[in-house]
């Protein structure tokens, strides 16, 4: 996770963001992310990402993530991620857009299900 310079290797921020993304599903929507994929057959592939690096995270830092929803369209969701260190210093932020598709037909967009909309409503900006 940390490179030779002693800071978090930049692709790891996207990995961390996705780990936090997966972890919010059960508390917000009442369904674990594996169940979203396997049982609900719902996929949310990333279609756009923009990020800003504010401060390097170093070896020993603890990452804390804030996730909010900026916008929910008919088939897509725009998410805001903020990763802070243990001192609450902003280290990385990103806006990412996912599109709703079926695990059985990834190339075909689906309307965002009502249970997803209702679950994510509490983190909508």
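The values are calculated or read from the model by the stated rules, or taken from the named source; none is laboratory data. Quick caveat: nothing in here was measured; it's all calculated off a predicted structure. In this analysis, Cβ positions are derived from the backbone assuming ideal geometry, glycine residues included, and neighbour counts consider all displayed protein chains.
Selection of first residues in the range 12-30 that are at positive phi and at pLDDT 95 or above and of second residues that are part of a helix (DSSP H, G or I) and crowded, with 16+ Cβ neighbours inside 10 Å, restricted to Cβ pairs under 9 Å at least 6 apart or on distinct chains, gives the following pairs, ordered by first then second residue: 30/119. Criterion applied to 82, 74 was being part of a strand (DSSP E or B) and either at positive phi or without any contact (Cβ under 8 Å) to a residue 60 or more places away in the chain (or both), and the one residue passing it is 82. Given the residues 32, 78, which is the only one that is in contact with a helix residue (DSSP H, G or I) (Cβ under 6 Å, 6 or more places away or on another chain) and closer than 24 Å to residue 125 by Cα? Going through 32, 78 in turn, the sole match is 32. Just one of the numbered conditions (1) free of Cβ contacts under 8 Å to residues at least 40 places away in the same chain; (2) loosely packed, with under 13 Cβ neighbours inside 10 Å; (3) out of contact with any strand residue (DSSP E or B) (no Cβ under 8 Å at 6 or more places or on another chain) is not true of residue 108: (3). Scanning the range 89-105 for residues that are outside any loop (DSSP other than H, G, I, E, B) and either in contact with a strand residue (DSSP E or B) (Cβ under 6 Å, 6 or more places away or on another chain) or surrounded by 13 or more Cβ atoms within 10 Å (Cβ to Cβ) (or both) yields 90, 91, 92, 93, 94, 95, 96, 97, 98, 99, 101, 102.
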